[in-house]
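The values are calculated or read from the model by the stated rules, or taken from the named source; none is laboratory data. Values in this document were obtained by computation on a predicted structure and should not be read as measured data. Neighbour counts are summed over all protein chains in view; Cβ atoms, including those assigned to glycine, are modelled from backbone coordinates with ideal geometry.
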Amino acid sequence: MIAAFDVDAQRTFTPLCPNELPVVGGDEIAAELNAQAKLAQLRVASKDAHCAAAKWVVASHEQMLQPLDYPDADLTWVRHAEPGTEGFELIPGLPAPAEYDFLVYKGVETAMHPYGACYHDLAGRISTGVIEWLKCQAVDTVIVGGLALDFCVKTTALQLAAAGFKVYLNLAACRAISAQGADAACEEMRQAGIILVKDSQVLAAT
Ligand code: VGL
């Protein structure tokens with residue numbers, strides 16, 4: 001059984017939300033996410049769901065990426081992906097949340113800012129339930145795409161690979177915060193046995 005995983009494909013990570021965490025081209029991946037989902041029997045999504053009063057929130061982009069002492073929030077970020085705001089919504093072109101087979105909401109607690117969609121904490125101790133759900137559905141292969149490649153997509157793919165799934169990373173269904181970050185992320189994923197593919201057409205031929 002194959003599942004497609006849309007990781008944090010939310011407007012907060014696109015130029016539609018310039019004051020949050022805009023990723024160049026983040027709003028251009030819906031067609032590829034939909035195409036990879038056609039190759040799967042099940043489709044799951046994760047969404048960041050952050051409170052504006054979270055302990056890691058800073059007021060400006062200049063204050064971001066400062067190290068923090070919280071066990072489950074390692075860096076400062078500007079406010080983003082707050083439920084009820086535009087940034088929380090999925091990017092245009094994706095199904096409504098209720099049409100997915102499984103949804104993960106993460107980063108709800110004010111002192112927790114996880115990157116991967118499989119665990120609520122940074123150390124990978126408290127499951128969000130998605131790995132267990134996929135295993136219950138007899139899924140053995142997961143196709144991953146979303147935002148951003150160098151943070152949440154990478155971490156989610158690594159967590160799925162560590163849990164024993166065969167993981168395909170669809171590069172055309174991702175955008176990265178930085179080109180350097182993308183290169184390092186791809187190398188780390190390759191070393192973990194994740195299969196990086198150019199787009200869903202290549203995937204379909206696999
Ligand atoms: C993300 C940075 C901060 C992501 C989330 O979804 O990749 N990146 N928060």
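Need the failing condition index for Gly164 against (1) in a helix (DSSP H, G or I); (2) more than 19 Å from Ala9 (Cα to Cα), just the number.
Every listed condition holds for Gly164 apart from (1).
Considering only region 62-71, state which residues are surrounded by 12 or more Cβ atoms within 10 Å (Cβ to Cβ) and assigned to a strand (DSSP E or B).
If the condition is that a residue be surrounded by 12 or more Cβ atoms within 10 Å (Cβ to Cβ) and assigned to a strand (DSSP E or B), then Leu68, Tyr70 are the ones that fit.
Taking the options Ala49, Ala59, Ala35, name whichever one is surrounded by fewer than 23 Cβ atoms within 10 Å (Cβ to Cβ) and within 14 Å of the ligand (Cβ to nearest atom).
Ala49
Can you find, within region 1-19, the residue that is farthest from the ligand (Cβ to nearest atom) among those that are touching a residue at least 12 places away in the same chain (Cβ under 8 Å), surrounded by fewer than 24 Cβ atoms within 10 Å (Cβ to Cβ) and in a loop (DSSP other than H, G, I, E, B)?
So, considering only residues that are touching a residue at least 12 places away in the same chain (Cβ under 8 Å), surrounded by fewer than 24 Cβ atoms within 10 Å (Cβ to Cβ) and in a loop (DSSP other than H, G, I, E, B), the one farthest from the ligand (Cβ to nearest atom) is Met1.
Cβ-Cβ distance below 6 Å, separation of 6 or more or different chains: which pairs start in region 94-115 with a residue that is under 20 Å from Leu160 (Cβ atoms) and end on one that is basic (Lys, Arg) and within 15 Å of the ligand (Cβ to nearest atom)?
Tyr105/Lys47; Pro114/Lys106
Within region 76-96, can you find the residues that are over 16 Å from Lys106 (Cα atoms) and in contact with a Gly (Cβ under 9 Å, 6 or more places away or on another chain)?
The one that is over 16 Å from Lys106 (Cα atoms) and in contact with a Gly (Cβ under 9 Å, 6 or more places away or on another chain): Ile91.
Looking at Ala192, Ala123, Ala138, Ala162, which is the one that is more than 16 Å from the ligand (Cβ to nearest atom), farther than 29 Å from Tyr70 by Cβ and at pLDDT 95 or above?
Of the residues listed, the single one that is more than 16 Å from the ligand (Cβ to nearest atom), farther than 29 Å from Tyr70 by Cβ and at pLDDT 95 or above is Ala138.
Report, by residue number, each residue of region 108-118 that is within 14 Å of the ligand (Cβ to nearest atom) and either crowded, with 24+ Cβ neighbours inside 10 Å or assigned to a loop (DSSP other than H, G, I, E, B) (or both).
Those that are within 14 Å of the ligand (Cβ to nearest atom) and either crowded, with 24+ Cβ neighbours inside 10 Å or assigned to a loop (DSSP other than H, G, I, E, B) (or both): Val108, His113, Pro114, Tyr115, Gly116, Ala117, Cys118.
Any idea which of Val153, Val104 is within 14 Å of the ligand (Cβ to nearest atom), on the phi < 0 side of the Ramachandran plot and in a helix (DSSP H, G or I)?
On inspection, the qualifying residue turns out to be Val153.
Among the numbered criteria (1) in a strand (DSSP E or B); (2) within 15 Å of the ligand (Cβ to nearest atom); (3) touching a residue at least 60 places away in the same chain (Cβ under 8 Å), which one does Asp74 miss?
Here Asp74 meets the rest and fails (3).
What number of residues in region 77-93 are within 14 Å of the ligand (Cβ to nearest atom), in contact (Cβ under 8 Å) with a residue 60 or more places away in the chain and not in a loop (DSSP other than H, G, I, E, B)?
So the count comes out to 3.
So Met64 passes all but one of these: (1) more than 11 Å from the ligand (Cβ to nearest atom); (2) more than 19 Å from the chain's Cα centre (by Cα); (3) among the hydrophobic types (A, V, I, L, M, F, W, C). Which condition number does it fail?
Only one criterion is unmet by Met64, namely (1).
If Val44 satisfies every condition in (1) β-branched (Val, Ile, Thr); (2) buried (at least 17 other Cβ atoms within 10 Å of the Cβ); (3) more than 24 Å from Asp199 (Cα to Cα); (4) more than 14 Å from the ligand (Cβ to nearest atom) but one, which is the exception?
Result: Val44 passes all but (3).
Run down Ala184, Ala161, Ala192 and say which single residue is surrounded by 17 or more Cβ atoms within 10 Å (Cβ to Cβ) and more than 12 Å from Ile143 (Cβ to Cβ).
Only one candidate qualifies: Ala161.
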